[in-house]
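The values are calculated or read from the model by the stated rules, or taken from the named source; none is laboratory data. Keep in mind that what you see is a predicted model, and the values were worked out from it rather than measured. Here Cβ is always computed from backbone atoms with ideal geometry, including for glycine, and neighbour counts include all displayed protein chains. Calculation scope for accessible area: heavy atoms of the full protein, side chains included, ligands and nucleic acids excluded. Shrake-Rupley method; radii C 1.70, N 1.55, O 1.52, S 1.80 Å.
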Amino acid sequence: MYLSKAKLIAACSTMALACIGFTAFAPFQTKDNTLTPAEKKAGWTLLFDGKTTNGWRPYRNQASEGWEVVDGQLHCKDGKLAHRSDFITREQYDNFELTFDWKIDKGFNSGVIYRVEEGNGATYETGPEYQLIDDEGYPEKLEDWQKSGSDYAMHPPSSVTAKPAGEYNQTKIIVNGAHVEHWLNGTKVVDFDLWTPEWVALKAKSKWKDVKLYGMIKKGHIALQDHGGGIWFKNIKLRKL
């Protein structure tokens, strides 16, 4: 089809305006520590607003100097501190989907523990732990059940998908009744059911064999572990199931 020079210029101008209009109305990338309208509609809530530690407190209200907010990130400081404590949600949860972004400093180790009760000495003595660690640069040899994404000391990850120290990872934890899933950077790396004969047998052979309440709590706090610091979090979101 033949177009005159004037018509061709007009057609190109129309296309350019259409492209400008599309760009102007294209959705912007979601900002950190915010919820989209779709997330709000789906029942998601923010557990960290990027500015304060509202909604969190030290485990058993112990003295703690380790946690701070830095540039929209919840950071656990490294170095020598007089008082350290895991940070737990003020609210308790039973069935939920939890997502968060995290990065670890070189050589450090931490975790997210769920269904935590405060009666025992440490958070990990009641709740299963999603391991966060520098898989490549940790100064000690790691067993598979110690690597990022594992159900610490119980279920090793099916694959090692964590990014190097200093880079952010995306995690999803699903806890629904007895069923638990650990996801890391879009890959499901752990899938198990609590309280089955297989789980009971695995616990009996693990470091938790003499910890009666380990994994038995059905509703509890979510804890961010202070294992000497070196861990960063943002975009901590939860949806009750």
Determine whether Trp183 is outside any loop (DSSP other than H, G, I, E, B) and within 24 Å of Lys163 (Cβ to Cβ).
yes
Consider the stretch 191-226. How many of its residues are free of Cβ contacts under 8 Å to residues at least 24 places away in the same chain, over 16 Å from Pro156 (Cα atoms) and in a loop (DSSP other than H, G, I, E, B)?
5
Qualifying position, being open to solvent by 30 Å² or more (accessible area, probe 1.4 Å) and within 20 Å of Leu224 (Cβ to Cβ), among Tyr130, Tyr138
Tyr138
Confirm whether Trp232 is of a type outside the set (A, V, I, L, M) and not in a loop (DSSP other than H, G, I, E, B).
yes
Complete set of residues in the stretch 141-151 that are of a type in the set (Asp, Glu) and open to solvent by less than 60 Å² (accessible area, probe 1.4 Å):
Asp151
Could you grab the pairs with beta carbons closer than 6 Å, sequence gap of 6+ or different chains, first residue in the stretch 156-181 and in contact (Cβ under 8 Å) with a residue 24 or more places away in the chain and farther than 12 Å from Asn95 by Cβ, second one assigned to a loop (DSSP other than H, G, I, E, B) and hydrophobic (A, V, I, L, M, F, W, C)?
Asn169/Ala162
Taking only the stretch 207-228 into account, find how many residues are closer than 23 Å to Gly166 by Cβ and either hydrophobic (A, V, I, L, M, F, W, C) or in contact with a His (Cβ under 8 Å, 6 or more places away or on another chain) (or both).
1
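Yes/no per residue for (1) in contact with a His (Cβ under 7 Å, 6 or more places away or on another chain); (2) open to solvent by 40 Å² or more (accessible area, probe 1.4 Å); (3) within 25 Å of Val70 (Cα to Cα):
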| residue | (1), (2), (3) |
| --- | --- |
| Asp105 | no, yes, yes |
| Ala153 | no, no, no |
| Trp183 | no, yes, no |
| Glu198 | no, yes, no |
Which residues, counting only those in the stretch 222-241, are within 17 Å of Asp151 (Cα to Cα) and open to solvent by less than 20 Å² (accessible area, probe 1.4 Å)?
Ile222, Ala223, Leu224, Gln225
Count, please, the residues in the stretch 127-174 that happen to be among the hydrophobic types (A, V, I, L, M, F, W, C) and touching a Pro at 6+ places or on another chain (Cβ under 6 Å).
1
Do we have Asp191 as open to solvent by 70 Å² or more (accessible area, probe 1.4 Å), acidic (Asp, Glu) and under 20 Å from the mean Cα position of the chain (by Cα) here?
yes
Given Gly166, Gly149, which one is small (Gly, Ala, Ser), under 14 Å from the mean Cα position of the chain (by Cα) and closer than 28 Å to Gly66 by Cβ?
Gly149
Among the residues of the stretch 116-127, what is the count of those that are in contact with a Gly (Cβ under 7 Å, 6 or more places away or on another chain) and surrounded by 24 or more Cβ atoms within 10 Å (Cβ to Cβ)?
3
Matching residues in the stretch 69-86 - criterion: being in contact (Cβ under 8 Å) with a residue 24 or more places away in the chain and either open to solvent by 60 Å² or more (accessible area, probe 1.4 Å) or touching a Cys at 6+ places or on another chain (Cβ under 8 Å) (or both):
Lys77, Asp78, Arg84
Among (1) in contact (Cβ under 8 Å) with a residue 60 or more places away in the chain; (2) open to solvent by 50 Å² or more (accessible area, probe 1.4 Å), where does Asn109 come up short?
(2)
Does Gly166 satisfy being open to solvent by less than 50 Å² (accessible area, probe 1.4 Å), part of a loop (DSSP other than H, G, I, E, B) and more than 20 Å from Glu97 (Cα to Cα)?
yes
